[in-house]
Amino acid sequence: MSYKLYYWPSIPGRGEFVRLALEDAGAEYVDVGRDQGATAVAQMIHNGAHFAPPILADEYESVSHVAHILAWISRPLELAPGDERDFRRMHQMQLTVTDFVGEIHDTHHPLGPSLYYDEQKEAAARRSAVFISDRLPKFLDYFERMLTDNPDSDEWAIGRRCTTLDLSLFQVMRGLRHAFPNALSANETPALNELTRRVARRRGIAAYLDSERCIDFNQDGIFRHYPELDGPNR
Ligand SMILES: N[C@@H](CCC(=O)N[C@@H](CS)C(=O)NCC(=O)O)C(=O)O
């Protein structure tokens with residue numbers, strides 16, 4: 001089974017959450033945006049039932065929205081809990097990751113994606129201050145609690161094995177370390193830090209991070225580093 005991933009070629013962005021699952025599992029996939037350029041991605045949106053990328057397709061169907069894609073592929077990639085209730089809880093937490101990612105994006109684009117950052121810098125500063133004081137700790141505490149409260153494992157968020165949710169939490173922590181290094185370090189997140197190290201050591205992930213397929217965070221993606229938006233260096 002080979003997948004086709006449609007995502008903007010120049011940023012890790014939301015596509016990275018899907019890529020990490022495919023890479024961890026060693027799944028066969030074509031990264032259409034990187035292979036054929038952004039026009040092929042735009043065409044897929046134009047032709048199909050999709051509002052925005054990432055979109056993942058197999059020979060039968062195509063699916064958009066990160067959380068929806070991961071719910072689709074987590075079982076075939078063996079990155080899902082066996083228990084049905086655990087599966088629903090995993091998906092629920094993945095949807096919270098979606099909300100978190102949206103709020104992280106809005107720190108630099110609080111007035112929307114149509115305006116450049118330079119056109120909304122003041123609003124971004126206000127939004128980021130509230131993000132750092134209220135929202136970041138609230139999301140981090142929630143995920144930290146989910147990790148420490150898992151009765152089935154000391155290592156993973158849900159059930160006994162690594163799931164697509166763990167890979168997504170890894171990506172969020174990497175992204176926050178890049179975008180908000182000072183604000184992040186002001187929070188106590190031992191379980192999330194340990195999870196991040198554990199995921200980075202997984203064979204498929206370590207090989208991917210080392211490869212040319214993995215591109216760095218940059219100032220066009222979701223996780224952007226603007227020093228003026230980060231908290232003070234302690
Ligand atoms: N809820 C969607 C959001 C998708 C999304 O916002 N995609 C961005 C790229 S990361 C995009 O190109 N959006 C175009 C638009 O909103 O007009 C998901 O989780 O996948």
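The table that follows gives values for the structure above.
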| item | result |
| --- | --- |
| Paramagnetic label zone (point 7 Å from Cα along Cα-to-C-beta, Glu28; backbone N under 17 Å) in region 37-75 | 57-61 |
| Value of relative contact order over the chain, rounded to a whole percent, pairs C-alpha under 8 Å and six or more apart | 23 percent |
| Sites Arg203 and Tyr142 - FRET efficiency at Förster radius 30 Å, r taken between beta-carbons, to 0.05 | 0.55 |
| Pairwise label distance in nanometres, Ala52 with Ser211, each label 7 Å out on the Cα-Cβ vector | 2.7 nm |
| Rounded if a/c under 1.5, otherwise prolate or oblate - region 1-143, Cα gyration tensor axes | oblate |
| Shape category assigned to region 84-202 from the gyration tensor of Cα positions, a/c cut at 1.5 | prolate |
| Förster radius 35 Å - calculated FRET efficiency between Tyr226 and Met1, Cβ distance, rounded to 0.05 | 0.30 |
| Lys/Arg +1, Asp/Glu -1 at C-beta; region 84-202 dipole; positive extreme among Gln120, His108, Phe87 | Phe87 |
| Residue exposure sequence - Thr163, Thr148 - by fewest surrounding Cβ within 10 Å | Thr148, Thr163 |
| Value at 222 nm in deg cm²/dmol, rounded to 500, when DSSP H runs of n ≥ 4 in the chain each add -39,500 (n - 2.57) | -15500 deg cm²/dmol |
| Val18, Val97, Val199 arranged by Cβ crowding within 10 Å, fewest neighbours leading | Val97, Val199, Val18 |
| The chain: most fluctuating residue of Arg198, Arg213, Arg19 per GNM, C-alpha cutoff 10 Å | Arg213 |
| Contour excess over end-to-end distance, with Cα ends at Ala38 and Arg160 and 0.36 nm allotted per residue | 40.1 nm |
| Student exercise, region 2-73 dipole from Lys, Arg, Asp, Glu Cβ charges, in Debye to nearest 20 | 280 debye |
| Ordering of 119-125, 30-36 by packing [mean C-beta count within 10 Å, highest first] | 30-36, 119-125 |
| Karplus-derived HN-Hα couplings along region 218-234 (A = 6.51, B = -1.76, C = 1.60, θ = phi - 60°), whole Hz, x at Gly and Pro | 8, 7, 10, x, 7, 8, 10, 9, 10, x, 5, 9, 6, x, x, 6, 8 |
| Span from the region 40-92 Cα centroid across to the region 161-222 one, whole angstrom | 20 Å |
| Under-5 Å amide H pairs with Arg161, H placed in peptide plane, nonlocal only | none |
| Cα-projected label distance for Glu61 with Arg177, points at 7 Å along beta-carbon direction, nm | 3.6 nm |
| Long-range amide H partners of Gly13 with built H, under 5 Å | Ile222, Phe223 |
| Size of electric dipole in region 84-202: Cβ of Lys, Arg +1 and of Asp, Glu -1, about Cα centre, debye, nearest 20 | 320 debye |
| Rounded if a/c under 1.5, otherwise prolate or oblate - region 2-73, Cα gyration tensor axes | rounded |
| Student exercise, the chain dipole from Lys, Arg, Asp, Glu Cβ charges, in Debye to nearest 20 | 220 debye |
| Sorted by Cβ density within 10 Å, fewest first, the residues Phe180, Phe51, Phe87 | Phe51, Phe87, Phe180 |
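A short reminder: the numbers here are calculations on the coordinates, not readings from a lab. Predicted model, so just to flag it, every value in this text is computed and none were measured. Note that each Cβ is placed from the backbone with ideal geometry, even for glycine, and that neighbours are counted across all protein chains shown.
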